[in-house]
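Read-outs: derived from the displayed coordinates by stated rules, not from any lab. This is a predicted model, so every value here is computed, not measured. Here the Cβ positions follow ideal geometry from the backbone for every residue, glycine too, while neighbour counts run over all protein chains shown.
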Amino acid sequence: MAVLLPMEHGAPFPLDLGAAELAILESWRGWTAAWLPPDLQPPPWPDAPPGSRLSAALRAWAETAPRPLAIFLDEIDSLQDDALISALRQIRAGYPTRPGHFPWSLALIGLRDVRDYKVASGGTGRLGTASPFNIKAESLTMRNFTSDEVADLYRQHTGETGQVFLPEAVDRAYYLTQGQPWLVNALGQQLTEVLVQDPAQPITAEHVEQAKEILIRRQDTHLDSLMDRLQEPRVRAIIEPMLAGGTPGNVPEDDRRFVVDLGLLRRSELGGLTVANPIYREIIVRALAGVRPDIGSRAGAQSR
């Protein structure tokens, strides 16, 4: 049995373990009630002291579940400081007791590799290891779609509704997103559910431009999370010189890899770094300039 559980409800309480854990567990209860049949829902969460409530809940569920549990903890890196450290430690403490007394498998889903969570938790040094609490078996990054895959995805909509994406629209969508999966899908949603609701009307490149502006102005969770990363010193140390037309200079390779892993930047054909796609580029420029997403100039940022 696999289930996705949110972690972001604990984010407002980075230094209050009790409050963070109670908020997370309450959200888990709501999610499991909504998505699982009664016989697969977890038992009442057991009483436990702050700092052990998550592991106690997962242990109780694993011990009573009729099927092996595979848990996906979404937005794990929305947690900070004590709340994040505690969550990771509880996962590590429960690991040796699996599968009888802890979920068979746990996946941490977020913008970061687990090796970078020490920074999010308030740590100042780099880890020097890919696993801060020996909890990582493998790190997977969802790659960008190719242009052909973007076209195939939009053709699925055409097959279901008859609404056509003109070739110019598909090309523009790929250019603006560079195949970033969330952006590709978010553009498609705006195009078909907001801008062009009549399936008899084809979708044009101009419609794609309008959808892009909506995404930038609205700045949904995905974009907002990425922009939060701009406040981190080692991210700004790379991006700000690029916006000024220079290069990051003597920046540790670990920091370069970090911004690439975040998806903010990508490796250019010349071996340097460039902003991952034009939508990110526009939002980054506005964010670092202190300009609201609905106004401001558009600029490029590239390092060779």
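Projected label points at Arg218 and Asp152, each 7 Å from Cα along the beta carbon direction, are separated by 2.7 nanometres.
Modelled spin labels at Tyr95 and Gln210, positioned 7 Å past Cα toward Cβ, are 5.1 nm from each other.
Near Gly263, no amide H atom lies under 5 Å from its own; only residues 5 or more places off or on other chains count, and H is placed 1.01 Å from N. In terms of surrounding Cβ atoms within a 10 Å radius of their Cβ, Met7, Met1, Met227 rank from fewest to most as Met1, Met227, Met7. Amide H to amide H, with H built 1.01 Å from N, Ala107 comes under 5 Å of Ile71, Phe72, Leu73, counting only residues 5 or more places away or on other chains. With 0.36 nm allotted per residue and the present C-alpha distance subtracted, the Trp31-Thr64 stretch has 10.1 nm of extension available. Evaluate 2.2 N^0.38 Å with N set to the residue count of the stretch 2-120, then give the Cα radius of gyration divided by it. Cα Rg divided by the expected 2.2 N^0.38 Å: 0.98. Rounded if a/c is under 1.5, else prolate if a/b is larger than b/c, else oblate: which is the stretch 222-288, with a ≥ b ≥ c the root eigenvalues of its Cα gyration tensor? In terms of gyration-tensor shape, rounded.
Paramagnetic label reach from Leu40 (point 7 Å along Cα→Cβ; backbone nitrogen cut-off under 17 Å): within the stretch 1-29, residues 1-6, 28-29.
The modelled label-to-label distance for the pair Leu4/Trp104, using points 7 Å beyond Cα in the direction of Cβ, is 2.1 nm. Quick check: residue separation of Ala289 and Ala19 times 0.36 nm, minus the Cα distance between them. What number comes out in nm? Result: 93.7 nm gained on full extension. Each part reduced to its alpha carbon centroid, the stretch 168-241 and the stretch 1-79 end up 32 Å apart.
For a Förster distance of 45 Å, can you work out the FRET efficiency between the beta-carbons of Asp171 and Ala244, rounded to the nearest 0.05?
With a Förster radius of 45 Å, E is 0.90.
Among Val285, Val260, Val150, which comes first, then next, by fewest other beta-carbon atoms within 10 Å?
Numbers: Val285 19, Val260 16, Val150 24.
Going from least to most buried by this count: Val260, Val285, Val150.
The amide H of Ala2, built 1.01 Å from its N in the peptide plane, has Ala70 as neighbours under 5 Å, considering only residues 5 or more places off or on other chains.
Within the stretch 1-49, report the chymotrypsin sites (Phe, Trp or Tyr not before Pro) that DSSP leaves as loop and that have at most 10 other Cβ atoms within 10 Å. Hits after loop and neighbour filter: nothing returned. Given their separation in residues at 0.36 nm each and the Cα-Cα distance between them, Asp74 and Glu269 gain 66.9 nm when the chain is fully extended. For the stretch 2-120, a crude dipole built from +1 on the beta carbon of Lys and Arg and -1 on the beta carbon of Asp and Glu, taken about the Cα centre, is about 440 debye to the nearest 20. Which of rounded, prolate or oblate describes the stretch 185-263 when judged by the alpha-carbon gyration tensor and an a/c cut-off of 1.5? The shape class here is prolate.
Electrostatic bookkeeping for Tyr174 treats Lys and Arg as +1 and Asp and Glu as -1; over the other residues with beta carbon under 12 Å from its beta carbon, the sum is -4.
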